[in-house]
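The values are calculated or read from the model by the stated rules, or taken from the named source; none is laboratory data. The shown structure was predicted, so the numbers you read here are calculated from the model rather than taken from an experiment. Glycine gets a Cβ as well: all are built from the backbone with ideal geometry, and neighbour counts include every protein chain shown.
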């Protein structure tokens, strides 16, 4: 049950990332058409592209971890027993959980800092704290997924039963 919830939240994050990237693509296309057809363009569109790309990358991380899409170099472990590989995979998941919990924590602190400083993008004045706020939940979710995989294995029993 917990795994299904984590899986659904990861899929929701990926859908939000897809929506962000679609919006970014449409904005870029519209801006290029406007620039070439009317000699006018949206000032600072590249800032919004950077903002959306950063948030989208963070939003794709939970699904990447659910699907075990991170790079695994198994050159030295390919011939080891399955039990040994399972322990190594769990240790790797624990390390990844630690990294993403740390990222969530530091990103939250960074977001609070830029919020208090009223930091904005240079041309459009887009509040930078929004990007940080968009990145913290998927980082925390990725950490939770990796922690779950540490405890229950990379292929949880709930997934096998489904």
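Could you tell me which of the residues 97, 58, 78, 93 is at pLDDT below 95, closer than 18 Å to residue 140 by Cβ and in contact with a helix residue (DSSP H, G or I) (Cβ under 9 Å, 6 or more places away or on another chain)?
Step by step, each of 97, 58, 78, 93 is checked, and only 93 is at pLDDT below 95, closer than 18 Å to residue 140 by Cβ and in contact with a helix residue (DSSP H, G or I) (Cβ under 9 Å, 6 or more places away or on another chain).
Every residue in the range 1-16 that is within 14 Å of residue 146 (Cβ to Cβ) and either surrounded by fewer than 19 Cβ atoms within 10 Å (Cβ to Cβ) or under 12 Å from the mean Cα position of the chain (by Cα) (or both), please.
Passing the criteria: 2, 9, 10.
State which residue is nearest to residue 62 (Cα to Cα) when the search covers only the range 1-51 and only residues that are outside any helix (DSSP H, G or I) and in contact (Cβ under 8 Å) with a residue 40 or more places away in the chain.
Among those that are outside any helix (DSSP H, G or I) and in contact (Cβ under 8 Å) with a residue 40 or more places away in the chain, it is 1.
Filter the range 82-112 down to residues that are under 21 Å from the mean Cα position of the chain (by Cα) and more than 14 Å from residue 72 (Cβ to Cβ), then give me how many there are.
Total meeting the criteria: 17.
For the range 117-128, does any single residue satisfy the condition of being more than 15 Å from residue 70 (Cα to Cα) and in a helix (DSSP H, G or I)?
no
Find all pairs meeting these conditions: Cβ atoms under 7 angstrom apart; at least six residues apart or on different chains; first residue within the range 79-91 and within 21 Å of residue 145 (Cα to Cα); second residue in a loop (DSSP other than H, G, I, E, B).
Pairs found: 85/77; 86/153; 88/77; 89/154; 90/153.
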